[in-house]
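Structure record follows, encoded as structure tokens.
The values are calculated or read from the model by the stated rules, or taken from the named source; none is laboratory data. Quantities reported herein were computed from a predicted structural model and do not represent experimental measurements. Here the Cβ positions follow ideal geometry from the backbone for every residue, glycine too, while neighbour counts run over all protein chains shown. For accessibility, only protein heavy atoms count, side chains too; no ligands or nucleic acids. Shrake-Rupley method; radii C 1.70, N 1.55, O 1.52, S 1.80 Å.
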Amino acid sequence: MSKPKGFEKPIGFRDYLPHAVSKLRKIENDVLNCMGQWGYRQIMTPTLEYYDTVGVASSTSDQKLYKLLNNRGQALVLRSEMTAPVARVVSSLLKDEPLPLRLSYHANVFRAIEEEAGREAEFYQTGVELVGDDSPEADAEVVALAIASLQAAGVGTFKIAIGHVGFLNGLFQEVAPGLPEVQEELKSHLLGRDYVAFRDALGRLSLTEEQKEEMDGLLRLRGGKEICGQALELSRHPLARASIEHLCKVWEVLEAYEVSQHVLIDLTMVGDFTYYTGMTFEGYAAELGFPVCSGGRYDNLLQQFGRSVPSTGFSLKTNRILDGVRGTEERQELPTLVQYDVLRRKEGLKESIRLRAEGHVVVTRLVSEPGDLTTADTEAGTGTADGKRYREIYTFVSFVKERS
């Protein structure tokens, strides 16, 4: 194995240059401010967690976890997502706080990747968790907040697809009773959007013609409120029907929020995390072919930390928004230059403090002779905008009588 060169970094990790950091911070701050207006308080958790607690509770596959040992020989992991760490805190440090709890976060997370996959091993998430409310109102709130957060991040055109894990569980229990392996295979094909393999798996089952038509109709269950009625005709299983009725109530609340135009029902959606127990959703920006946000209900996760509380939430893929969505371009103020010599240093620094107090970006520069001066006609630029480095220049030197 060759030794890395001095400028190399591990595969899957990246450097963010100043213009990218500025845009990323703006997205982060605008989204967190939006979440704060909905009553969500920020929380921070450690980058490292114990493998036997958060690592095991996370539904990220074991092969994708970054593991290491501390000096006591205990297994640790770099956090691979934020829901499990928040669940740990809610079940311990926040166990005495009244429910429901509304928490928000922004954090970097880590997942080991195949080197040839071209994916990032470290990326950023901004999200919320609503803990202690299992109502359709709560599910609709996180979907509506996801929409508001995408808008705050500068994503202009997008769609939120919502589904329900319970509907598929009930439906597959009905068509493949007593065959959990087959049920998981069907869900796996839907998760991968491999509809050919899904139909092949159905073909190996002893289904009536009516059931085959119903399963084929499942793949077309995408649309608005009318999908709820069509889904109720597909299954008589109590779990499937209760799940659709819940989703219909969520839609009604989204209509009251006046955001249903951004939402479509997709009952083939499974959700990527095994701890999802109810409604799930994904958000797609028009510029990108993969999700920029995802979320759903995970009522069983907190039980792993000794507290049985229903929960729902979502996260934005902040770096995907940074890289793939044009959004609103932020205009950066050029810095003001304050230059001074030793004799007038105090005056120059006092002026820089005053300008910063007014909200301006200020850089300072010590000069020793006239040839060192930066002038408005050269670097401050009276010519092309591309050549302009400074908004203004203030000069405090003993060998120049007037301040430019």
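Assorted remarks:
- Under 5 Å, built H, 5+ apart or other chain: amide partners of Val263: Ile160
- Within segment 35-61: backbone nitrogen closer than 11 Å to the Ala75 label point (7 Å, Cα to C-beta): 51-53, 55-57
- Listed pairs Lys23/Lys346; Lys249/Lys317; Lys23/Lys225; Lys350/Lys388 exceeding 30 Å between Cα atoms: Lys23/Lys346; Lys23/Lys225
- Across segment 43-48, computed HN-Hα scalar couplings (Karplus, 6.51 cos²θ - 1.76 cosθ + 1.60, θ = phi - 60°) run 9, 10, 10, x, 5, 9 Hz from first to last residue, x flagging Gly and Pro.
- Comparing Leu32, Leu232, Leu103 in a Gaussian network model of the chain, where Cα atoms under 10 Å apart are tied by springs, the biggest mean-square fluctuation is seen for Leu232.
- Cα gyration tensor, segment 83-220 - rounded (a/c under 1.5), prolate or oblate: prolate
- Principal-axis tilt of helix 18-37 within the chain, Cα atoms, nearest 10 degrees: 60 degrees
- Fluctuation leader among Thr312, Thr336, Thr157 - the chain, Gaussian network, Cα springs under 10 angstrom: Thr336
- Loop trypsin sites (Lys or Arg not before Pro), segment 1-52, which have at most 15 other Cβ atoms in a 10 Å radius of their Cβ (DSSP): Lys5, Arg14
- 3J(HN,Hα) from dihedral phi, segment 353-369, Karplus parametrisation 6.51/-1.76/1.60, rounded to Hz, x for glycine, proline: 5, 4, 5, 5, 5, 7, x, 8, 7, 10, 10, 10, 8, 8, 10, 10, 8
- Candidates Leu94, Leu76, Leu355, ranked by Gaussian network fluctuation over the chain, Cα under 10 Å, top entry: Leu355
- Solvent-accessible area per residue in segment 229-367 equals 49 Å², computed with a 1.4 angstrom probe and all protein chains kept.
- Multiplying the residue separation of Leu232 and Val342 by 0.36 nm and removing their Cα-Cα distance gives an extension gain of 31.5 nm.
- Around Lys159: net Lys/Arg minus Asp/Glu count, Cβ-Cβ under 10 Å: -2
- Projected label distance in nm at Leu288 and Gln63, using a 7 Å step from Cα toward the beta-carbon: 2.5 nm
- Beta bridges assigned by DSSP with both partners in the chain are antiparallel in approximately 75 percent of cases.
- Linear extension gain, Lys159 paired with Ser398, 0.36 nm per residue minus alpha-carbon span: 79.8 nm
- Using the Karplus relation 6.51 cos²θ - 1.76 cosθ + 1.60 with θ = phi - 60°, the per-residue 3J(HN,Hα) values for segment 163-178 come to x, 8, 4, x, 4, 5, 4, x, 5, 6, 5, 6, 8, 9, x, x Hz, with x marking Gly and Pro.
- Angle of helix 238-257 to the longest C-alpha principal axis of the chain, folded into 0 to 90 degrees and rounded to 10: 40°.
- No disulfide-compatible partner, judged by a Cβ distance under 4.7 Å, exists for the following cysteines of the chain: Cys34, Cys293.
- Gain upon complete extension [Asn108, Gln42; 0.36 nm per residue less C-alpha separation]: 22.3 nm
- Placing a pseudo-label 7 Å from each Cα along the Cα-to-Cβ vector at Leu17 and Asp194 gives an inter-label distance of 4.0 nm.
- In this calculation the C-beta distance from Leu349 to Asp323 is compared with R0 = 41 Å, giving a FRET efficiency of 0.55.
- Each residue, His360 and Leu219, gets one label point 7 Å from its Cα in the Cβ direction; the gap between the two is 6.5 nm.
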